[in-house]
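Read-outs: derived from the displayed coordinates by stated rules, not from any lab. Not measured: the values here are computed from a predicted model. Counting neighbours? That spans all protein chains shown, and the Cβs are built from the backbone with ideal geometry, glycine included.
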Amino acid sequence: MRWGVIVFPGCCDEQDVYDCLKHNLGQRVEFLWHKDRLNGGFDCIVLPGGFSYGDYLRCGAMARFSPIMQGVVEFARLGGLVLGICNGFQILCEAGLLPGALVRNASLQFICRQVFLRVEESDTPFTCAAKKGQLLRLPIKHGEGCYYADPGTLERLHKNRQVLVRYVDGKGRTSPSANPNGSLDHIAGVCNDGRNVFGLMPHPEDAGEKILGSEDGLKIFSSVIAACDKREKRAWLG
């Protein structure tokens, strides 16, 4: 399959995503500059972490107006897979592709450490290689990762099963101490109602090798690969 990794001014994690996909998983990957127009032929578009446009105004607020985002919105509308990691998650929320918003951490401090996630749904292109209830150990590194949504939006998220991963402790339990940023309902990542757009604050690309302390991040990327293979087989069979 073919991946596109968007590079915004201020990004700092695009190379990690590229290396994880290309070298750990043997995928076809290319960088896409924020001023480019998105052309066809991609199976999944990744918006990586970093500090797009220096996080001026608020995280993701300016990147949402980059020329390439028009193509990303259309790509998602047509069913293309879009993955936003950390700042990419923030951009997707600002662009209206995902519900809710990311605000300052409850501690008002930048946080960089390993966390545990519990997979809440396994019937999506981003989690199908994992089991419901499975724990993943991934790193976080953000100052504005506290997920917030109004009561109506939160109700819809629960009703449509759009919360895909939650912050938990090493035994899979939610608790205030296991929630690193104060996210509402311990939410670490959500998808859209079409289940083809997913954003999460932890970094799967930084958990792709044992030397990094965890290989659990590969579950996210491997899920996308498996989903695309299944989609291609269905198309081939007609």
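Data table
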| item | result |
| --- | --- |
| Long pairs among 132/230; 210/230; 141/230, criterion Cα-Cα beyond 30 Å | 141/230 |
| Amide H contacts of residue 81 (H built 1.01 Å from N, under 5 Å, at least 5 apart or other chain) | 45 |
| Debye-sum result for region 1-120 in log10 I(q)/I(0), which assumes one identical scatterer on each alpha carbon, at q = 0.12 Å⁻¹ | -0.43 |
| Backbone HN-Hα couplings from phi across region 142-148 [Karplus 6.51/-1.76/1.60, Hz, Gly and Pro as x] | 7, x, 10, x, 7, 7, 9 |
| Under the Karplus curve 6.51 cos²θ - 1.76 cosθ + 1.60, θ = phi - 60°, whole-Hz ³J(HN,Hα) for region 12-18, x wherever Gly or Pro sits | 9, 10, 5, 5, 5, 5, 4 |
| For residue 38, residues with placed amide H under 5 Å, excluding near neighbours | 71 |
| Net charge, residue 146 excluded, C-beta distance under 13 Å - Lys, Arg +1, Asp, Glu -1 | 0 |
| The chain: relative contact order as a whole-number percent, Cα under 8 Å and 6+ apart | 20 percent |
| Radius 11 Å from Cβ of residue 207, net charge of other residues (Lys, Arg +1; Asp, Glu -1) | -3 |
| Net charge, residue 114 excluded, C-beta distance under 11 Å - Lys, Arg +1, Asp, Glu -1 | +1 |
| Straight-distance crosslink candidates among aspartates and glutamates, where the alpha carbon sits under 19 Å from residue 159 and sequence neighbours closer than 8 are dropped | 120, 121, 123, 150, 185, 193 |
| Partners for residue 22 among aspartates and glutamates (Cα-Cα distance below 19 Å; same-chain residues under 8 apart left out) | 13, 14, 30, 43, 205, 206, 209, 215, 216, 229 |
| Inter-label distance, nm, simple model (7 Å from Cα along the C-beta direction), residue 226/residue 135 | 2.1 nm |
| Projected area, mean over directions - the chain, Cα convex hull, nm² | 12.2 nm² |
| Residue 25-residue 210 pseudo-label distance in nm [points 7 Å out on the Cα-to-Cβ vector] | 2.1 nm |
| Of the DSSP H helices in the chain, those whose Cα atoms cover at least 18 Å axially and whose Kyte score averages -1.0 or more | 218-237 |
| Amide H contacts of residue 105 (H built 1.01 Å from N, under 5 Å, at least 5 apart or other chain) | 144, 145, 146 |
| Mean Cα-pair separation over length for region 1-119, i.e. relative contact order, pairs under 8 Å, 6 or more apart, % | 25 percent |
| Share antiparallel - DSSP beta bridges, region 2-237, percent rounded to 5 | 60 percent |
| For region 181-227 versus region 62-109, the gap between their alpha-carbon centres in whole angstrom | 15 Å |
